[in-house]
1. Can you tell me which residue within the range 53-74, out of those that are outside any loop (DSSP other than H, G, I, E, B) and out of contact with any helix residue (DSSP H, G or I) (no Cβ under 9 Å at 6 or more places or on another chain), is farthest from residue 131 (Cα to Cα)?
2. Filtering the range 244-257 down to residues that are of a type outside the set (A, V, I, L, M) and part of a helix (DSSP H, G or I), which residue is surrounded by the most Cβ atoms within 10 Å (Cβ to Cβ)?
3. State all residues of the range 73-103 that are among the hydrophobic types (A, V, I, L, M, F, W, C) and under 18 Å from residue 50 (Cβ atoms); if no residue qualifies, say none.
4. Within the range 278-299, how many residues turn out to be touching a helix residue (DSSP H, G or I) at 6+ places or on another chain (Cβ under 6 Å) and not polar (S, T, N, Q)?
5. When only residues in the range 143-177 that are of a type in the set (Ser, Thr, Tyr) and in contact with a Phe, Trp or Tyr (Cβ under 9 Å, 6 or more places away or on another chain) count, which is nearest to residue 238 (Cα to Cα)?
6. Counting just the residues of the range 135-184 that are of a type in the set (A, V, I, L, M), at pLDDT 95 or above and within 19 Å of the chain's Cα centre (by Cα), which one comes out surrounded by the most Cβ atoms within 10 Å (Cβ to Cβ)?
7. Among (1) of a type in the set (A, V, I, L, M); (2) within 17 Å of residue 92 (Cα to Cα); (3) surrounded by 14 or more Cβ atoms within 10 Å (Cβ to Cβ), where does residue 54 come up short?
Amino acid sequence: MSLAVVRNVGAPRSLRSAQDLEDFEQEIVDQYALSMAAAGLTDGHISASRSTVVEFARTLSGPLWSASTDDADRYLTDLRRHGRARGTVKGKADGVARFYDFLLTRYQGDIHRLTGWVVAQPVDEYNRPANPTHGSVRVPPSDDEIDELFSQWRQAITHARKYLPAARDYFAASLWRRLGLRISETVMLDIRDWRPDLSELGKLHVRHGKGSAGRGPKPRLVPAINSADVLIDWWLAEVRPQYGPDWADPDAPMLPSERRDPDSSRSMRVGDDGLRSGLTAATERWLPAWVGKLTPHVLRHYCASSLYGNGMDLKAVQELLGHEWLSTTTRYVHVRSDCIERAWEQANQRLTARFATTEGR
């Protein structure tokens, strides 16, 4: 006994002209966008996914359902020849593959009945690009190097030509170092997001955490461990009020720029570039060996590595960083080169102590 192919209620009964074929193809793309909206994906993600499908369709000699692995090979090869970044090529390949998963699941029966084509997945295990982050290790500076950088930076703040931006850039970088915040999460913090009433140390409400697959922000509460509570109290009590009277406005940005919104008289939010420039300048001055290599994301790696090296459970590090998968967190943790030797020595010491205790009985 064989299974019958169930016809989609919304599919046409026949395709009699080239216009019918084109309309049916457009309907499939529109339904794909609608399915993503139903899944709660953001408008930006839906738009980018649709653009990728249209881009791929323009490279084909026939309709979308006629695509083969050879077509995907040519498309991905052309992307590389035109100098597209590895991450971009990987993202577009994944976008094409997701569309054809949708096509196979919802429309393969209709397409075969109407056109005679058997839909195949053009992006397979052989031409799918590897994740560009795999194998790329962002080993952060040592504890001594980080301590030296931030110690010199903190001392120089009071003598800076512009005290407020200098203090702000130091504060932001310290959040990356101590709590592993992303730069995008940092710039979106408001004053209300500091909640000293939550737990003994207080917590930061990160409302704009990175979501997965275009599903919008993923908020989380970050405990102010690693002396971050002292850092935040210093910033809000001593520095932030100097930016203007909006320091008492809970909706004002925690990290402001020097400009003010003429309509609300509230400080405007600092941008990513401003904070990156502050870290770059500090690195050039006090940690020149890391010029061009020390970024906000590397400090996020440093935070994960230092906390794990000091005994924090890997699962706790995952929750702190806001990772969906533990496997992502493991790529952030870089133990020092002598950690295996120290673990071996400690194990031998425990073994020796146990034998000594046994022999003494």
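The values are calculated or read from the model by the stated rules, or taken from the named source; none is laboratory data. Small disclaimer: the values here were computed from a predicted structure and weren't measured. Cβ coordinates were reconstructed from backbone atoms using ideal geometry, including for glycine residues, and neighbour counts include every protein chain displayed.
1. We begin by selecting, within the range 53-74, every residue outside any loop (DSSP other than H, G, I, E, B); these are 53-57, 64-66, 69-74.
Cutting the leftovers down to out of contact with any helix residue (DSSP H, G or I) (no Cβ under 9 Å at 6 or more places or on another chain) gives us 69-70, 73-74.
Working: 69: 19, 70: 21, 73: 17, 74: 19 Å.
Ranking the qualifying residues of the range 53-74, first place goes to 70.
2. Here is the first cut: in the range 244-257, the residues of a type outside the set (A, V, I, L, M) are 244-247, 249-251, 253, 256-257.
Those left that are additionally part of a helix (DSSP H, G or I): 245-247.
Numbers: 245: 11, 246: 20, 247: 17.
Filtering the range 244-257 for residues that are of a type outside the set (A, V, I, L, M) and part of a helix (DSSP H, G or I), the one surrounded by the most Cβ atoms within 10 Å (Cβ to Cβ) comes out as 246.
3. Of everything in the range 73-103, those that are among the hydrophobic types (A, V, I, L, M, F, W, C) and under 18 Å from residue 50 (Cβ atoms) turn out to be 79, 93, 96, 97, 99, 102, 103.
4. Initially, the range 278-299 is screened for residues touching a helix residue (DSSP H, G or I) at 6+ places or on another chain (Cβ under 6 Å), giving 278-279, 282-283, 286-287, 290-291, 294, 296, 299.
After this cut, where a residue has to be not polar (S, T, N, Q) as well, the list is 278-279, 282, 286-287, 290-291, 294, 296, 299.
Total meeting the criteria: 10.
5. Residues of the range 143-177 of a type in the set (Ser, Thr, Tyr): 151, 158, 163, 170, 174.
Checking which are in contact with a Phe, Trp or Tyr (Cβ under 9 Å, 6 or more places away or on another chain) leaves us with 151, 170, 174.
Values: 151: 19, 170: 14, 174: 16 Å.
Here the answer is 170.
6. Step one: filter the range 135-184 for residues of a type in the set (A, V, I, L, M), giving 137, 139, 146, 149, 156-157, 160, 164, 166-167, 172-173, 175, 179, 181, 183.
Next, from what is left, pick out any that are at pLDDT 95 or above: 146, 149, 156-157, 164, 166-167, 172-173, 175, 179, 181, 183.
With the extra rule that they be within 19 Å of the chain's Cα centre (by Cα), the set shrinks to 172-173, 175, 179, 181, 183.
Numbers: 172: 26, 173: 24, 175: 29, 179: 24, 181: 27, 183: 22.
The selected residue is 175.
7. (3)
Okay, residues lined up against (1) free of Cβ contacts under 8 Å to residues at least 60 places away in the same chain; (2) of a type in the set (Ser, Thr, Tyr); (3) touching an Asp or Glu at 6+ places or on another chain (Cβ under 8 Å):
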| position | (1), (2), (3) |
| --- | --- |
| 44 | no, no, no |
| 55 | yes, no, no |
| 58 | yes, no, no |
| 61 | yes, yes, no |
| 66 | yes, yes, no |
| 79 | yes, no, no |
| 82 | yes, no, no |
| 89 | yes, no, no |
